[in-house]
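Participant: Dropping a structure here in structure tokens format, bear with me for questions.
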Amino acid sequence: MVEVSQRPSYSKIHHQDVDIESGKPPSDPVKSNEGEKEKEVKASRLLYLGKPEWSVMAIGVLVLVITQLGTMSIPWFFGKLIDTIADGSLTEEEAREEMRSIVFRLLVIMVSTSFLLFLRGFIFNGAGERVVARLRIRLFKAILSQEIAFFDKNKTGELLSRLSSDTAKIQDAATSSVSMFLRNCLSLIISLMMMLITSAKLTGVMLICVPLLIAFAVTYGRFVKRIARRYTDALAAASNVANESISNIRTTRAFAAEDVELARYTELIGDPDDKEDKRCCWLPKKDHTHSLGMKKALGHGGFIGVVGGLGQVTVVGLLWYGGELVLTDEISAGTLITFMMYAVNTGAGLAVFAGLFSAFMDALGASVRTFEIIDKIPSFLLRGGEALEKVAGNISFKNVSFCYPTRGDVPVLSNFNLDIAANSTVALVGQSGGGKTTVISLLERFYDVTGGEITIDGKPLKSLDPSITRLNIGMVSQEPVLFGVSITDNICYGWSAKHHSDPSKYPLFPTKDRIEEVARMANCHDFIQTFTEGYDTLVGERGVKLSGGQKQRIAIARALLVDPSILLLDEATSALDAQSEELVQGAIDRVMEGRTVIYIAHRLSTIKGADVIVMVKDHKILDKGTHEELMGRCVEYEDLVRKQLNKDE
């Protein structure tokens, strides 16, 4: 009996999660079609990332305003102090009393602003940490929700680069840079107001350079944004090479290929000591992260140089013109000093703006790929659709055809028809590349069929909730991957997902007796007991501390604990020695009882007892039947059996 319940569709929830900073679905989701023009990321979207922290940041802004008002009053007090010293109309005692009053007020302002600076820094930097943590979780969620074809196209190292370096660049742009921008805006406004009050003539001289700065900043910003995008792409490619080399270090070491991997990585990063890769000075000829970084550095240096040069020329001009005004008694020496301090504040503010502008454009360029992943809508969602709470295990392939998304012109299955009864065992045999593993991938719905239909218990696979369906399917592959945690964690991996829908409660485990029960059924309890830490033994990255047979048996225990109605076995014993194969096969025989089993194998001892043997050739079913039936009518199957017997002998 098939129990079907309608679960709420998760599609809307998923799309809303994509843009939680605005509380709305993305207005311009990035499509998965290759060749489509890359979307631009608006500056407002970076700023919107900090929306959940805006209430706290508002307090920070208030603190910032108070701090800046105090800081900007300091030049005025300095001018008053100079004028008091130079004022000949005051007696010595009066001058001292006035000086003490001014100095005391300066000390109060400075101590108060120091505490407020600490408070402001904590608020904005803390908000930045919260924003980047939230962004990384959203990005990781978006990555996990993509279809398997997405991972066929995007390499692991590139995705890790998005999660680490790209999000770090975005962090400051959404929070800390906002604080610095507001502080400098306030500083510039107050400085300009005080300069106008102090001397309108000197202020007019200073403002001559502003149009030049604006024009140069716009040109520079476009340059940095373009370079930043190319730089993050190049760095992601280099990160992928590093990730592959480190993850596969045993293979690298076995072939003494350390120098090869170093050369691959160096080619993408760029060797600053390579004399042949020099155009002039430090600028390389080739296009890699080093050369792009040097271009950024050149542009940044040029921008800062122009800004600094204009500032210095302006200061010299102000000193000359201000000196003339003092000589003609239009302003006092204290007024000139006050004005110059405000002018220096303005120049420093413009320099900070230059750095902020550069960093913001850099973040904007880096954010393109990040938001591209977040906005990408998967071809099918992880959840949504009918939920088969109890699966009998009847499976049907009806005129199924399939091509992998990355090789759309190469058929893998063509007109594939197969009916599998519940609690039966079906063996897929045939030449490599014929499409046997693809059958399992389609049943797991790693991909959707390009033609035809797959049904489970009479329900189209596409109409079922993918996550719930997968929890009713157990899978053991030829090279099972274990996580770098304890044996208990690995065995209970699928059980936690199946029995606990609340992620905050993960990990939760079944009873110790249940874990040991499935371990005994999978023939792995005995070898686990030989370890000092038993079930708490860490297996290492990808299970490297265990043998192939041990990993296989733990993978079988992991599948068995989920208690699947359907079991998929992909060459589960082909890579093992005779002793390990016997242990694993014994475990598989016990696991197969009372389940629908589809397995891929070449060994005669494994396939001979199957209820149905399916001979696959050239992406189609050539013939199917029992071992005895195929031996009498299928030449290809007879040839396969003969070769296996010769191999065994």
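The values are calculated or read from the model by the stated rules, or taken from the named source; none is laboratory data. The structure displayed is predicted, hence computed values, not measured ones. Backbone-built Cβ (ideal geometry, glycine too); neighbour counts: all protein chains shown.
Participant: Need pairs with beta-carbon distance below 6 Å; first residue charged (D, E, K, R) and within the stretch 590-615, second part of a helix (DSSP H, G or I) and modelled with pLDDT of 75 or more; sequence gap 6+ or separate chains.
Facilitator: Arg590/Met521; Lys608/His627
Participant: For the stretch 155-168, state whether one or more residues are over 30 Å from Phe446 (Cβ atoms) and either hydroxyl-bearing (Ser, Thr, Tyr) or at pLDDT 80 or above (or both).
Facilitator: Our first condition is that a residue be over 30 Å from Phe446 (Cβ atoms); within the stretch 155-168, this holds for 168.
With either hydroxyl-bearing (Ser, Thr, Tyr) or at pLDDT 80 or above (or both) added as a condition, the list becomes none.
The answer is no, given that none of the residues of the stretch 155-168 is over 30 Å from Phe446 (Cβ atoms) and either hydroxyl-bearing (Ser, Thr, Tyr) or at pLDDT 80 or above (or both).
Participant: Is it true that Gly317 is surrounded by 13 or more Cβ atoms within 10 Å (Cβ to Cβ), among the small types (Gly, Ala, Ser) and at pLDDT below 75?
Facilitator: No: the conditions fail for Gly317.
One line per residue, one yes/no per condition, for (1) without any contact (Cβ under 8 Å) to a residue 60 or more places away in the chain; (2) in contact with a Ser or Thr (Cβ under 7 Å, 6 or more places away or on another chain); (3) under 17 Å from Asn417 (Cα atoms); (4) of a type in the set (Phe, Trp, Tyr):
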| position | (1), (2), (3), (4) |
| --- | --- |
| Thr450 | yes, yes, yes, no |
| Glu453 | yes, no, yes, no |
| Asp457 | no, no, yes, no |
| Leu464 | no, no, no, no |
| Ser467 | no, no, no, no |
| Asn472 | no, yes, no, no |
| Ser477 | no, no, no, no |
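Participant: Quick one: in the stretch 18-57, which of the residues that are buried (at least 17 other Cβ atoms within 10 Å of the Cβ) and of a type in the set (Asp, Glu) is modelled with the highest pLDDT?
Facilitator: Taking the candidates together, the pick is Glu53.
Participant: Give the residues of the stretch 518-536 that are under 25 Å from Arg590 (Cα atoms) and either in contact (Cβ under 8 Å) with a residue 60 or more places away in the chain or among the hydroxyl-bearing types (Ser, Thr, Tyr) (or both), sorted by residue number.
Facilitator: Selection gives Met521, Ala522, Asn523, Cys524, Thr530, Tyr535.
Participant: Something else now. So is Ser89 loosely packed, with under 14 Cβ neighbours inside 10 Å and assigned to a loop (DSSP other than H, G, I, E, B) or not?
Facilitator: Against the criterion (loosely packed, with under 14 Cβ neighbours inside 10 Å and assigned to a loop (DSSP other than H, G, I, E, B)), Ser89 qualifies.
Participant: Look at Thr113 and say whether it is part of a helix (DSSP H, G or I), under 53 Å from the mean Cα position of the chain (by Cα), surrounded by 17 or more Cβ atoms within 10 Å (Cβ to Cβ) and among the hydroxyl-bearing types (Ser, Thr, Tyr).
Facilitator: Yes, satisfied.
Participant: Still on this structure, please answer the following. For a quick check of your reading of the model, give me the residue pairs whose first member lies in the stretch 107-125 and is under 18 Å from Phe77 (Cβ atoms) and assigned by TED's automatic domain parsing to the domain that holds Ser73, whose second is hydrophobic (A, V, I, L, M, F, W, C) and surrounded by 12 or more Cβ atoms within 10 Å (Cβ to Cβ), with beta-carbon atoms closer than 7 Å and at least 6 apart or on different chains.
Facilitator: If the second residue must be hydrophobic (A, V, I, L, M, F, W, C) and surrounded by 12 or more Cβ atoms within 10 Å (Cβ to Cβ), the pairs left are Ile109/Ile74; Leu116/Val63; Leu116/Ile66.
Participant: Right, another one. Can you tell me which of Ile473, Ile440, Ile468 is among the hydrophobic types (A, V, I, L, M, F, W, C) and either in contact with a helix residue (DSSP H, G or I) (Cβ under 8 Å, 6 or more places away or on another chain) or crowded, with 21+ Cβ neighbours inside 10 Å (or both)? Break it down stepwise before answering.
Facilitator: Working: Ile440 fails: either in contact with a helix residue (DSSP H, G or I) (Cβ under 8 Å, 6 or more places away or on another chain) or crowded, with 21+ Cβ neighbours inside 10 Å (or both); Ile468 fails: either in contact with a helix residue (DSSP H, G or I) (Cβ under 8 Å, 6 or more places away or on another chain) or crowded, with 21+ Cβ neighbours inside 10 Å (or both).
Only one candidate passes the filter, namely Ile473.
Participant: Okay, next question. Which residue out of Thr203, Thr175 is in the same structural domain as Ile331 (by TED's automatic domain parsing), closer than 29 Å to Thr67 by Cβ and modelled with pLDDT of 75 or more?
Facilitator: Exactly one residue qualifies, and that residue is Thr203.
Participant: Could you please let me know if Ala578 is surrounded by 14 or more Cβ atoms within 10 Å (Cβ to Cβ), of a type in the set (Gly, Ala, Ser) and at pLDDT below 85?
Facilitator: No, not satisfied.
Participant: Continuing with this model, one more query. Can you tell me which residues in the stretch 178-201 are of a type in the set (A, V, I, L, M) and either touching a residue at least 60 places away in the same chain (Cβ under 8 Å) or buried (at least 21 other Cβ atoms within 10 Å of the Cβ) (or both)?
Facilitator: Scanning the stretch 178-201 gives Val178, Met180, Leu182, Leu186, Leu188, Ile190, Leu192, Met194, Met195.
Participant: State whether the residues of the stretch 409-425 include one that is surrounded by fewer than 18 Cβ atoms within 10 Å (Cβ to Cβ), in contact with a Phe, Trp or Tyr (Cβ under 8 Å, 6 or more places away or on another chain) and under 20 Å from Phe380 (Cβ atoms).
Facilitator: No: the stretch 409-425 contains no residue that is surrounded by fewer than 18 Cβ atoms within 10 Å (Cβ to Cβ), in contact with a Phe, Trp or Tyr (Cβ under 8 Å, 6 or more places away or on another chain) and under 20 Å from Phe380 (Cβ atoms).
Participant: Scan Gly60, Gly128 and give me the residue that is buried (at least 19 other Cβ atoms within 10 Å of the Cβ), touching a Lys or Arg at 6+ places or on another chain (Cβ under 8 Å) and within 22 Å of Leu186 (Cα to Cα).
Facilitator: Checking each option against the conditions leaves just Gly60.
Participant: What single numbered condition from (1) farther than 15 Å from Gly393 by Cβ; (2) touching a Gly at 6+ places or on another chain (Cβ under 9 Å) fails to hold for Gly434?
Facilitator: For Gly434, the failing item is (2).
Participant: If we keep just the residues of the stretch 339-368 that are crowded, with 20+ Cβ neighbours inside 10 Å, under 34 Å from the mean Cα position of the chain (by Cα) and of a type outside the set (A, V, I, L, M, F, W, C), which is modelled with the highest pLDDT?
Facilitator: Here the answer is Ser367.
Participant: Follow-up question, since we're still on this one. Mind checking which pairs have a first residue in the stretch 68-91 that is in the same structural domain as Ser187 (by TED's automatic domain parsing) and a second that is among the charged types (D, E, K, R) and surrounded by 17 or more Cβ atoms within 10 Å (Cβ to Cβ), Cβ under 6 Å, 6 or more apart or different chains?
Facilitator: Listed pairs, sorted by first residue: Gln68/Arg183; Thr84/Glu98.
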